[in-house]
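This report refers to the structure that appears directly beneath it.
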Amino acid sequence: MNAISVIALTSCYLGLLFLVARWGKGLGRLLIEKYSSYFYGLGLGVYATAWTFYGSIGRAATNGLDFLAIYIGPVLFLPVWWFVMKKVVRISKAQHLNSLSDFITARYGKSWSLGLVVTLLVVMAITPYLALQIKAISSSANVLLSDARTSYIDLDIVATGLLLLFTLIYGVHFSFDANQRNGLIATIGFESIVKVLAAFLGGWVIIQGDFEGGSQVFERAEAAGMSELFVIQNPNDWWLMMLVSGFAFFLLPRQFQMAVVSNRSERDLRKALWIVPLFLLLMNFWVVPIALAGNLSLGGDTNPDYHFLSLALAQGYQFLPGIIFLGGLAACTSMIIVSASALSAMVSSNILLPATLKRDGTPRFDLNPIITKRLALVLIFAIAYFYYAFIVQQESLVSIGMISFIGIAQLAPGFLGALFWRRGTSLGVLLGLLVGFGLWLTAFGVPQWLGERSGELALFGVFENWSPMANITFISLAMNSLVMVGVSLMSTQHPLEKSQAEIFYNIMSIPSQHYDRSPVTSGKITFERLEKMLLRFLPDNMMHETLYKRYTIDRIKPEPFKEAPAQVVSYAERLLTQMMGPATARIVLNREMEGDTINTFDIQDILEETRETKKLNRELQEKSDALARLTKELTTANDQLKTISTIKDDFLYSVTHELRSPLTAIRAQIEIIREEGDAMPAEVRANFLDATIEESVRLTHLISNVLDIEKFESGNQQLSLKRLNLKEMIDRVLETHWALALNEGVQISYSGPEHATVNGDSDRMQQVLVNLVSNAIKHADHQIKIALQECSNKGKALWCLELSDDGAGVPESDVPHLFEKFYQSRDQTVKKRLGTGLGLAISHNIIKAHGGQLELAKNPPEGPTTFSFTLPKINTNE
Amino acid sequence: MNSILIVDDEPNIVMSLEYLMRSNGLDVSIARNGTEAIEQLENKRFNLVLLDITMPDVDGYEICQLIKNTPDWAATHVVFLSAKSKQSDIEKGMALGATDYIVKPFSTKELSTRILNLITA
């Protein structure tokens, strides 16, 4: 590509950012609000900068896998991040805090000096990092130039200028204008997508297309002796890098901006738990293969940071280098935009605005917060550009990033203490920060400005087997924390600080109506003065959106010369905070107030009240849980009862139905006999009377069968067990059925031993045998065979009795229902049907109660119809 | 002569019904199950069918449905005579187009009256 097209490409992309922001502010607003959690997750992708896009490859090409710590750290920290951020988001929303310095100063008594130190530290740590991004834009553009040896372009000026313009438009109103914020969110989301797509797809095309896949690259790299790049070279450093990166993910101003200030709902945090890891995985997926492939196929004099671009160029792709360049550009610009706007808010609130006020809060000259923010932005871009132009040229991408991370990590003790340690004081945090910051500056800043290698001071060689960087990190953080804790314990908190400490510490248990409405001041101010003061600092339309709306909601009538109620003053303070940070807001407010200035509302009362409500709620919850459990149990029991009752109902219905048939016959016959009297022929009358008797017998059977079944099913059956000879019992049953069999023309034969002892209830066993034999007679054509023999099941000795007939067999449709109550075969018309439909069901139950099993062993066409049952065998030799 | 078909699988009930209807002067035919009933219906027109429901092969409901859906037979009165006494059973029978539903056990006098009324009406 030639210089003009590179400049055009860059400008077009930046122009596109303006369009995207415009879209997010207007049409895209609804979409962003609907899918806020996804945009939130993508917004957090601002973590990936040029350092990730280009720098990781450079690092991997020279130092192996240690770059991974910078991504593994945040991922491992994510659960903690979620827990901490929920608190931070809630506090920041409640108190209208819009930057890292706001957050820290608000907790430590709204101390202006602390805000100043935090701001200075952040500016010093981040500006080189900003410069680095400008450098990356310019260097990558120059890699892209086809005639790199003869021409050189100053893309940096163009890009920096356009980015400044963009931030002036979309980065200033960020803290109070939701529309502008949406514009920025849309832009950062868009840039995250561009960079992740470019990184992943670009890597894929190059590695899969030109190097036949990752494994091929690894094999070749190993053959070329690069295996030291496959490992983590310095594990001690590695752990510290992970820790520092984890902190950075909380504390980098750009992360705070995207995670806290642009958060719409605490729920959105949850989705980030998978979006962020996925995003970082895709960003880094091809880093190592690209680094190795670059080492393998590019000359030793190319800058490994730009292996990605160089490879795409070397392979002669037409569009790919442009796409990769855009990915890198997206990584740089998103970082610059968000960081610069975050820094400008801090510089404005903590340096520029206080500079416009005299010590007592009277204005020295009139500058509103929007102007100071814009000034701050110009200043920051100027410093960054200066830094880029004169200092940053020598260092690689990763080392500056790391130095910046370690600087930012100095905020961790104060930040975490703000959330989890009530005793921390502003003095403790301030001194701790100064110590940590001082050490960091001595180690990195001073040598860097003097043009020396960083961190080579003997002072930092405490742990011999650690690298200088690890030593500095550890020592600065440890000293910082120690000083903070020590000084805090020795100093006291003033009332505002104490109150804020309680709020920060307990935020999750304070109901929102309290932190949103409780007065934090008892001084006096009239409505007129209050509104005048606000109008000086707030944009006009914001007054309508906020204060006037609040009047309506709280039903307040603002009479100009009457004293404003405490909750209005408190709200006004929060509005000021939104524009100028907590410390400056407090200075401005104090000047306007008459009488005692600060008096804190008593957080302890609220907490006490909340605790009691909570306890009550918990008790109620427990009771309600117990009730719910009981209800569930009752429902189950009721369902069971219903089922049982249905079964019983069905059974009763069947019983009554079965009883009705014989009763019908008996009644009809007797009525006819009575009606006809002598008119009835004697033989017909005899037939009728016989039938009546027959039906009465059937009724008796039915009733005793029903009782039997009921006994077995309810478990009330009593077996009087005795030793029985099964053969004898068979003989007895056959004797009584001999005449019936003869009548039907059926022959019965027996084969088996003369003695077969079982333990049984003789009446019940007889019942079974009678049932089976009479059934068989009913269905046999000519012959019934009874066979008794020994058998076994799972090593248990059994008697097995088989009873087969040569009848037509059980119809297939009946087989599954054979042992059901009241089931009668559909095909019983051949012989007279007087069964109760309970015989087999009862027999089945009886055999089961004896520890055996009754079944249909065979059925035509497999063989003759055979019922069989088993009973445990009793050894008579004992 | 008015003809009636008795369909029931209980021999002793059939015996009494046959006697009762004969003494009422009706021409009586017997079917001891659903299949037989259909055979009888195909051979002869009846004024009335006295129909049991629970039968081993084809149940009474199906036969009633068949009668009502066959144009030639549709004019035949169907009277269910069943031990099924649930309201839902009765409603089902009436919905299939039966003229009456008598629950077993029944009074012979009442049965005679109802049937004669239907036939001579």
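Read the figures in this text as sums done on the coordinates, not as results from a lab. Everything quoted here is computed from the prediction, not taken from an experiment. In this analysis, Cβ positions are derived from the backbone assuming ideal geometry, glycine residues included, and neighbour counts consider all displayed protein chains.
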- Note on the structure: If unit charges are put on Cβ atoms (+1 for Lys and Arg, -1 for Asp and Glu) and the dipole of the protein assembly as shown is taken about its Cα centre, the option from A:Phe53, A:Gly438, A:Phe18 lying farthest towards the positive end turns out to be A:Gly438
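If each residue's Cβ is checked for other Cβ atoms within 10 Å, how do A:His850, A:His782 rank with the fewest at the top?
Values: A:His850 22, A:His782 11.
Ascending Cβ contact count within 10 Å gives the list A:His782, A:His850.
As a test of understanding, state the convex hull volume per residue of segment A:3-495 from its alpha carbons, in Å³. Don't skip to the answer; put the middle values down first.
On the way: hull volume 71.9 nm³, N = 493.
Hull volume over Cα atoms, normalised by residue count, gives 146 Å³.
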- Using only alpha carbon pairs under 8 Å that are at least six residues apart, calculate the relative contact order of chain A and give it in whole percent. 14 percent
- Folded to 0 to 90 degrees: helix A:3-25 orientation relative to chain A principal axis, Cα: 60 degrees
- Task: Give the shape of the protein assembly as shown as rounded, prolate or oblate, defined through the alpha-carbon gyration tensor: a ≥ b ≥ c are the square roots of its eigenvalues, a/c under 1.5 means rounded, and otherwise the shape is prolate if a/b is larger than b/c and oblate if not.
- Result: prolate
- Message: Based on alpha-carbon centroids, what's the gap between segment A:147-224 and segment A:841-870 in Å, whole number please?
- Response: 81 Å
- Straight-line reach check, A:Lys858, cutoff 15 Å on alpha carbons, 8 or more apart in-chain or any other chain, hits among aspartates and glutamates -> A:Glu802, A:Asp805, A:Asp806, A:Glu812, A:Asp814
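Working out 0.36 nm times the residue gap between A:Leu201 and A:Val697, then minus their Cα-Cα distance, what length gain in nm do you get to one decimal? Please list the in-between numbers first.
Working: separation 496, 0.36 × 496 = 178.56 nm, distance 9.08 nm.
Length gained between A:Leu201 and A:Val697: 169.5 nm.
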- Message: Please give me, ordered by residue number, the trypsin sites (Lys or Arg not before Pro) of segment A:331-440 that lie in loop per DSSP and have at most 11 other Cβ atoms within 10 Å.
- Response: A:Lys358, A:Arg359, A:Arg364
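Please give the charge dipole size of segment A:697-796, origin at the Cα centre, charges +1 on K and R Cβ atoms and -1 on D and E Cβ atoms. Round to the nearest 20 debye.
Roughly 220 debye for segment A:697-796.
Evaluate E = 1/(1 + (r/R0)^6) for A:Tyr653 and B:Ser107, where r is the Cβ-Cβ distance and R0 equals 25 Å; express this FRET efficiency to the nearest 0.05.
Details: r = 23 Å, r/R0 = 0.91.
Once the sixth-power term is evaluated, E becomes 0.65.
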- Message: Let's test the formula: R0 of 51 Å, r as the Cβ-Cβ distance of A:Gln318 and A:Lys549. What FRET efficiency results, to the nearest 0.05?
- Response: 0.35
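Quote to one decimal, in nm, the extra length available between A:Leu482 and A:Leu273 on full extension: 0.36 nm per residue of separation minus the C-alpha distance between them. Working shown, then result.
Values: separation 209, 0.36 × 209 = 75.24 nm, distance 3.20 nm.
Net length gain for the segment: 72.0 nm.
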- Message: Taking amide H atoms as placed 1.01 Å from N in the peptide plane, list the residues 5 or more away in sequence, or in a different chain, whose amide H sits under 5 Å from that of A:Asn859.
- Response: A:Thr866
- Asserting the computed 222 nm helical MRE of chain A (DSSP H runs at least 4 long, -39500 (n - 2.57) per run, divided by residue count, to nearest 500) equals -21500 deg cm²/dmol
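Within chain A, what's the longest stretch lacking chymotrypsin sites (Phe, Trp or Tyr not before Pro) that sit in DSSP loops with no more than 13 other Cβ atoms inside 10 Å? Walk me through the intermediate numbers first.
On the way: sites that count: A:Tyr152, A:Phe319, A:Phe365, A:Phe463, A:Phe561.
It runs A:562-878.
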- Between segment A:68-95 and segment B:10-69, what's the alpha-carbon centroid distance in Å? 85 Å
- Query: How high is the FRET efficiency from A:Glu33 to A:Thr613, r the C-beta distance, R0 41 Å, rounded to 0.05?
  - Reply: 0.80
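Where in segment A:676-759 are there GluC sites (Glu not before Pro) that are in a DSSP coil and have at most 11 other Cβ atoms within 10 angstrom of their Cβ?
Working: sites: A:Glu676, A:Glu683, A:Glu694, A:Glu695, A:Glu710, A:Glu713, A:Glu728, A:Glu735, A:Glu744, A:Glu754; in loops: A:Glu754.
Here the GluC sites (Glu not before Pro) that fit, given the DSSP loop and packing criteria, are A:Glu754.
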- Message: Could you check the spin-label model distance between A:Lys532 and A:His494? Points 7 Å from the Cα along Cα→Cβ, value in nm.
- Response: 2.6 nm
- Query: For helix A:268-284, what angle does its Cα long axis make with the longest principal axis of chain A, in degrees from 0 to 90 and rounded to 10?
  - Reply: 70 degrees
- Give me the distance in nm between label points sitting 7 Å out from Cα along the Cα-to-Cβ direction at A:Ile391 and A:Leu627, one decimal. 6.7 nm
- Degrees between helix A:112-144 axis and first principal axis of chain A (Cα, 0 to 90, nearest 10): 90 degrees
- Please state, as a whole number in µm²/s, the translational diffusion coefficient that the Stokes-Einstein equation yields for chain B at 37 °C and 0.692 mPa s, with Rh defined as the Kirkwood radius across alpha carbon pairs. 234 µm²/s
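Relative contact order for chain B: what is it in percent, counting Cα pairs under 8 Å that are at least 6 residues apart?
On the way: 190 pairs, mean separation 27.1, N = 121.
Relative contact order for chain B comes out at 22 percent.
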- Query: Between segment A:748-823 and segment A:282-325, what's the alpha-carbon centroid distance in Å?
  - Reply: 87 Å
- Only Lys, Arg (+1) and Asp, Glu (-1) charged, at Cβ; segment A:3-495 dipole about Cα centre in debye: 2240 debye
- Message: With +1 on the Cβ of every Lys and Arg and -1 on the Cβ of every Asp and Glu, and nothing else charged, how large is the dipole of chain A about its Cα centre, in debye rounded to the nearest 20?
- Response: 3520 debye
- Item | Selection from A:Val655, A:Trp286, A:His701 lying farthest towards where the dipole of the protein assembly as shown points positive, charges on Cβ | A:Trp286
- Dipole axis of chain A (+1 Lys, Arg; -1 Asp, Glu on Cβ), positive-most option in A:Ala583, A:Asn236, A:Ala682: A:Ala583
